[in-house]
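Here is the structure we will look at.
The values are calculated or read from the model by the stated rules, or taken from the named source; none is laboratory data. Here the structure is a predicted model, which is why all the values come from computation and not from measurement. These area figures cover heavy atoms from the full protein model, side chains too; ligands, DNA and RNA do not enter into them. Shrake-Rupley method; radii C 1.70, N 1.55, O 1.52, S 1.80 Å.
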Amino acid sequence: MTAATSILRGSTAPRRSKAAPKKQAQSPRLRLVEAPSARRLPSLRSIMISLGILAGVFVTQLALSIAISQGAYEVSGLEQTQTELQREESAALEELSAMSSAQNLAVEATKLGMVPTDSQAFLQVGSASLATDANATGTSAPINTGLVTNEVTQPAPAPAADGVSPQPAAAPEVPSVSELRSPSTR
């Protein structure tokens, strides 16, 4: 080893010469080993602490399971409420659509005493006068609301108590299997 490497390695011992006399190998020292002590049983205190920790883990796990299941019940209830609200919303939108249909507006206008006319009139704001069409006859006819039917404004009849619709089925019945012709094969 050089002096520089010995400084880097932290060795401050003087450099040994190669011709240093070798010491005789010493035999390993023998010492007396104590016999292993008998294993002690755990103390009552450590047993009680371990059981307390174990009981705490079980109680915590039970509390978490209860909280999670309670949350699942709340989510289920909220989903049912959301479904009911969506049904109410669609029923309200359907009712709004029925009330704003042309047929319903014609019926309501007739109830208010309004009648259609073939003449047109315009207000002239500058002269504050009413301008009418010269070709119009001024005749009016009552509104015939039955020309175009609207299923939304005329609801279907309610089913009977047994759940059967009072109207007969419009589609023909399907023939039974025994009435069908079988194909001929050769």
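Things worth noting here:
Okay, residues lined up against (1) of a type in the set (V, I, T); (2) in a helix (DSSP H, G or I):
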position: A35; (1), (2): no, no
position: I47; (1), (2): yes, yes
position: G56; (1), (2): no, yes
position: V59; (1), (2): yes, yes
position: L64; (1), (2): no, yes
position: Q70; (1), (2): no, yes
position: E84; (1), (2): no, yes
position: E94; (1), (2): no, yes
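- Test result for L123, open to solvent by 90 Å² or more (accessible area, probe 1.4 Å) and part of a helix (DSSP H, G or I): no
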